[in-house]
Structures are given as C-alpha cells and as structure tokens.
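Working notes, beginning with the structure itself.
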Amino acid sequence: MDYYNPAPAVTVFNTTRHGGVSQGAYGKFNINRFCGDDETCINKNLDILSRELNVEKGNIIMPHQTHGDEVRQIGRDFLSLPQQVKAMILEGVDALTTNVKNICIGVSTADCVPIIIYDTEHHASAAVHAGWRGTVKRIALKAVASMRMSYGSRPDRLHAVIGPAISLEAFEVGNEVYDEFVSAGFDMNAISRHKDKWHIDLKECNRLQLTAAGLHDCNITVSGICTFNSYTDYFSARRLGTRSGRMFTGIVLR
C-alpha cells in the first residue's frame, strides 16, 4: 500500500500488486469484481484491506466504472440499502463523493488516472477514475463542481492526490484519440508530444483541470509512478491485458 498525507483526519492510499492472495495476472492484490478474478480471492483481499484500513468490509465502496463522467454522491442512507440496490446505484459511475466518516470510497485503475479530492473545510471527499475518455469529458472538473453543489466546497480549500498511472512516455495513442483531445479544446502543447506517434500526459491533463477548477498547485500531489513501467508492482492493462487486476485508490474520512 502507498499512503498519502493531504491533511489530518483522513486516510488516502492506493493498493499495489502485493499483499494479497490472487493469482497470475491478478496477483496478488485485487478487489475488483469486474475484471475476471476469482471471487474467493477477492473476498480474502477485501478482508485484508478492511483490517488494514480499520473499516468494515461492507463500507469499502467501489463503483462499476464505464469510462464515463457520472459522479454519484454517497450518503449515510446508502449503507443500509440492499446489496442489489447498492449495485444499481454504483453502476456506470466513475466518481464518488461523500462526507460520511469511516467509510472508504475509491476507484479502480490499471493505467488510468485515479484522483482523490479532499475538502479541508467541510470534511468531504471525492474519488475519481479518469481514463482518457473521462479526461476528455473533464470528469475531474465535474467532481469539483459536484462537491461545490453538495457540500459547499471552495476549490481553494481542496487538496488533491493524483495516483499512479501511465506516463506520457508510455501512453502512445492513435490520431483518433489525439483528435478527441483537440476537439475538446485541450492545450495540446501542454499535454502531448509527438514521437513516432502521439503521446499524451493524462496526469498533467487532469492536474490542469484541477487548477482550472480553482485548486492551488501546492495542494495537488502527483505520483511519479508510471504503471506501465512499474507493472511488477502496479497493475497495467497495457502490459498485462484487460483480464488482469486493478489497483484501488481510496479515501477514508476519520
């Protein structure tokens, strides 16, 4: 596990490939149920994470991400809902927000960008999954806007962590992906380089979205880890294939 310290009274982390019981391309620590891993292994890994975080297993909340821009608020009432209803609420969601203490909201990634946002003033949080499609749709901006609406969050009081993700050097894309960013109005000089093909810096693109939303540079922590290059320690779908494990990046309000 990697831990971050954006502020007191919160636990911010991402899992790695180590410390669990999954096998093969899922080894060893995976809690994502949507990538083909064995359910028994997933449950054992959830038990491990629950003990590590001192959070009830049922209070570790992960959406079923679909590379969209849906942001969903998790309130205290969510915890008492039937499992089937919870699954419906979390379906097709790529970002969660909450101000409920002692639950863990998080997102799964294996090259995509995980973003944690914390409001020091209102003790509220967000967990965001930003693949290239979500980045183009500006999901980071939408998460900040959602926090402003739900909790009265002021961007200058927000802290953010951008976790391990694929680097510009490793994220080679076709012209059609590059053109999507151009069409969406991004500053391509700031986020891309052309080598044999185009390369895009997803971490920087999301960092710029956060600063555009009003966060201070000094309140944004960016992991230097490239998942593609560090695939023995962090999951990388480009290295291992989509039938492989995922890291989980989350936050717990204490």
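At-a-glance table
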read-out	value
At 1.567 mPa s and 4 °C, Stokes diffusion of the stretch 202-248 via Kirkwood alpha-carbon radius, µm² per second	105
Calculated log₁₀ intensity ratio I(q)/I(0) where the Debye formula runs over C-alpha points of the stretch 170-254, q = 0.10, 0.14 Å⁻¹	-0.33, -0.65
With every protein chain in place, the chain: carbon and sulfur % of accessible area (1.4 Å)	47
Cα-based Rg / Dmax (Å) for the stretch 116-217	14.3, 47
Pairwise centroid distance, computed over Cα atoms, of the stretch 165-201 with the stretch 91-139, Å	23
Accessible surface, per residue, of the stretch 117-254 when the full set of protein chains is kept, probe 1.4 Å, Å²	42
Accessible surface, per residue, of the stretch 7-96 when the full set of protein chains is kept, probe 1.4 Å, Å²	49
Cα convex hull of the stretch 1-151 - mean projected area over all directions, nm²	8.6
Per-residue HN-Hα couplings for the stretch 5-11 [Karplus 6.51, -1.76, 1.60; θ = phi - 60°; Hz; x = Gly/Pro]	10, x, 5, x, 6, 9, 10
Entries in Lys86/Lys137; Lys142/Lys195; Lys44/Lys137; Lys101/Lys142; Lys86/Lys142; Lys28/Lys142 that, when Cα-Cα distance is taken, lie over 29 Å	Lys142/Lys195; Lys44/Lys137; Lys28/Lys142
In Å, descending, principal axis extents of the Cα set of the chain	49, 45, 31
Calculated on alpha-carbon atoms, Rg and Dmax of the stretch 160-211 in Å	10.8, 33
Cβ crowding within 10 Å averaged over residues, with 182-192, 33-43 ranked highest first	33-43, 182-192
The stretch 24-83 shape via C-alpha gyration tensor axes, a/c threshold 1.5	oblate
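The values are calculated or read from the model by the stated rules, or taken from the named source; none is laboratory data. All of these numbers come straight from a predicted model, not from anything done at the bench. Note that we place each Cβ from the backbone using ideal geometry, even for glycine, and neighbour counts take in every protein chain shown. To get the accessible areas, we keep the full protein, side chains included, count just its heavy atoms, and leave off ligands, DNA and RNA. Shrake-Rupley method; radii C 1.70, N 1.55, O 1.52, S 1.80 Å.
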